[in-house]
Every structure is written in structure tokens, then in C-alpha cells.
Amino acid sequence: MKPLNGKVALVAGATRGAGRGIAIELGAAGATVYVTGRTTRTRRSEYNRPETIEETAELVTNAGGHGIAVQVDHLDPDQVQALIARIENEHGRLDILVNDVWGGEHLTEWNVPVWEHSLERGFRQLRLAVDTHIITSHYALPLLIRNKNGLVIEVTDGTAEYNDKNYRLSLFYNLAKNSVIDMAKSLAHELSPYDCTAVAVTPGWMRSEIMLDHFGVKEENWRDAIVKEPHFAISESPRFVGRAVAALAADPEAARWNGHSVSSGQLAQEYNFYDIDGSQPDCWRYIVEVQDAGLPANVTGYR
């Protein structure tokens, strides 16, 4: 029952949130998972949060895989190149690349027009969201394409369908998240001759560590936050998008998704997996049909 036994994965940006959830689920499926980020037990990034890559690696191993923590700043080409050289030296292959680096929550100025938005914060956000993914792909893909059926996951916010119809709150944020979707389309074209696949994947309203802190709750009592924000009832754990990625990685016909933009909820319907509470939240359909439509919160039929 370990469909990813023998597979080697790199989750770039696995300190917390979606990256951590994805790394854990790849481990649960039997993969060796390199987890990277800037925060370790001895040094914190500009986020100044307590989660560390060592914790993520331990969670991967506890789930049944083999977690390997490597401190990497993915804006530094030399560090990324050294990381890929290490993976090649230790395993000789890379089967799954997850580009999840983000780090822009504290930089976003929501609903602020570009002429009022800080250029420094905006451009830093773009560098973290876009440059990191390109740098990582530049060095990692020559190793990944050595074997057929390699998979690249570009983690973003929103599907192409939703984002095409909805402005995402800030020029910089909108550009960052849509650029990642376009990256998956570009990589799909470049990887096709090597029988490898690239897919853009978005979680729904995810209960990341930062989001839980925002509402003053823990994963165990997250429903208490519904009193403050009723639509939070559609939220999902980071493990849900992790299971989406693990399902794609285990699918021998994953190439049918090449270049597509999909959500965790869509993939749950396709692959029949569930969140840790046994539900199947379909967040993006809910957002369109309930939240954006101005209807009262009601998740009946959506999870």
C-alpha cells in the first residue's frame, strides 16, 4: 500500500502550510522526501515563525517515508544547485518536484492599488513567488527528466478558471499566483518530450498554521472559528492538498493532467480521497456558488 516506494521527491518550501502537508502525504505513500526551507531549529527566516524543516522531515518519516531536511534559500542559485547535486549524489534520481515556495503573506497589502502599494514589498513578493520556482526548476529538471513519468507540481492559489474571472486582491498577489499557473503550462510544454508532467494545484481555504493563528484556534478546534467567519466551514487541512499531490504522483496516467490547473477538491472527486476529518471539501465551487454569490454559509453538498 505504498505506491511511491522507491520514489524521490523534493518539496521546495516545506516548512509549513501546503508544503508540509504535501511532504507528509508523499511520505505516507512511501517516498523519500527532501524538505527545504529557510527556518531551522537554529535559525528563523523573515517570517519569524516557530515551524522548522526538521519538524517537517520528522513528520514525513513518522508517516512512513524518509524525510530529509535541507536548509535552502531558493532565491540563491548556488544553494539550489548544491541541493540538486546532493540529491543526485545520494539517490541518482528525482521523480517528483513540488514548487511550493511562497512566503508572501506578510508582504501583501490587500485591496491596495498599485500606486499606493509598496514597490519594495510587492517586488519582494514576486521574487519569492516566481523567481524561486524558476530557479528551482532550472536546476532540478535535468535530473527529473532522466526518467519517464516525472511529475512537477506548481502550488498556487486559485484555479485558472477562477482567477481568470476574479481579481485576486492586489496587482502583485494577482500576478504572483497567476504566474505560477502559467509556469505549469510552460513546463508542461517543455516536459512533454521527456514523458514528464507538470500540473498547477491549488488548495482551497487551507487551515495553515498562519490561518489557524489568525483565528486563534488549533486544528483540533478549528470549527470554533466559524463563529467569527461562517464561510470558514469549507476550510481544509494542509493534508488534503497533500493527498491530492500524492494521488497525482501515484497515477500512472498522470500525463492526462499535463498543463492543467486543478484544485484539491477536484482531485478528491477524481481519486476518491478524503481530508483528515473524512470529508471532501470542494472549496472553489463553494466560493463561486455560495460565498461570492452572497448566500449564507452552508456547506451542505460541498464537503
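Values quoted throughout were computed directly from the atomic coordinates according to the rules given, and no laboratory measurement underlies them. All values derive from a computational prediction rather than experimental measurement. All Cβ positions, glycine included, derive from the backbone under ideal geometry; neighbour counts span all protein chains shown.
Some points to look at:
- Listed by chain and number, the lysines placed with their C-alpha closer than 27 angstrom to that of residue 2 are 148; residues fewer than eight positions away on the same chain are left out.
- Sequence-distant residues sharing a close amide H with residue 69 (under 5 Å, placed H): 35
- Here the residues 95, 100, ranked from fewest to most Cβ neighbours within 10 Å of their Cβ, fall in the order 95, 100.
- In loop segments of the stretch 247-303 as defined by DSSP, the GluC sites (Glu not before Pro) with at most 10 further C-beta atoms inside 10 Å of their C-beta are 253.
- Here the 3J(HN,Hα) profile of the stretch 101-109, calculated from phi with Karplus coefficients 6.51, -1.76 and 1.60 at θ = phi - 60°, is 4, 9, x, x, 4, 6, 9, 6, 10 Hz, Gly and Pro shown as x.
- Derived scalar couplings between HN and Hα for the stretch 81-95 equal 4, 5, 4, 5, 4, 5, 4, 4, 5, 7, 9, x, 7, 9, 9 Hz in order, rounded to whole Hz, by the Karplus curve 6.51 cos²θ - 1.76 cosθ + 1.60 (θ = phi - 60°), x for Gly and Pro.
- From phi via Karplus (6.51, -1.76, 1.60), per-residue ³J(HN,Hα) for the stretch 191-198 in Hz, x at Gly/Pro: 8, 3, x, 9, 6, 10, 10, 10
- Secondary structure note: in the chain, about 0% of the DSSP beta bridges are antiparallel.
- For the chain, the 222 nm mean residue ellipticity estimated from helices alone, with every DSSP H stretch of n ≥ 4 adding -39500 (n - 2.57) and the total spread over all residues, rounds to -11500 deg cm²/dmol.
- Judged by the gyration tensor of its Cα atoms, with axes a ≥ b ≥ c, the stretch 103-177 is oblate; a/c meets the 1.5 cut and b/c is at least as large as a/b.
- Global form of the stretch 1-105, assessed from the alpha-carbon gyration tensor, a/c cut-off 1.5: oblate
- Gyration tensor verdict on the chain (Cα atoms; rounded if a/c is under 1.5, prolate if a/b is larger than b/c, oblate otherwise): rounded
- For residue 150, the residues whose modelled amide H falls within less than 5 Å of its own, excluding neighbours fewer than 5 places apart on the same chain, are 197.
- Of the chymotrypsin sites (Phe, Trp or Tyr not before Pro) found in the stretch 153-230, the ones in coil according to DSSP and having at most 10 other Cβ atoms within 10 Å of their Cβ are 167.
- Qualifying chymotrypsin sites (Phe, Trp or Tyr not before Pro) for the stretch 247-303 [loop in DSSP, other Cβ within 10 Å: at most 14]: 274
- In summary, the lysines within cross-link reach of residue 185, defined as a Cα separation below 18 angstrom excluding same-chain residues under 8 places away, comprise 177.
- Sorting 214, 74 from the fewest to the most surrounding beta carbons within 10 angstrom yields 214, 74.
- In the elastic network of the chain, a GNM with C-alpha springs shorter than 10 Å, the most mobile of 175, 94, 26 is 175.
- Between the stretch 244-297 and the stretch 8-54, the alpha-carbon centres lie 22 Å apart.
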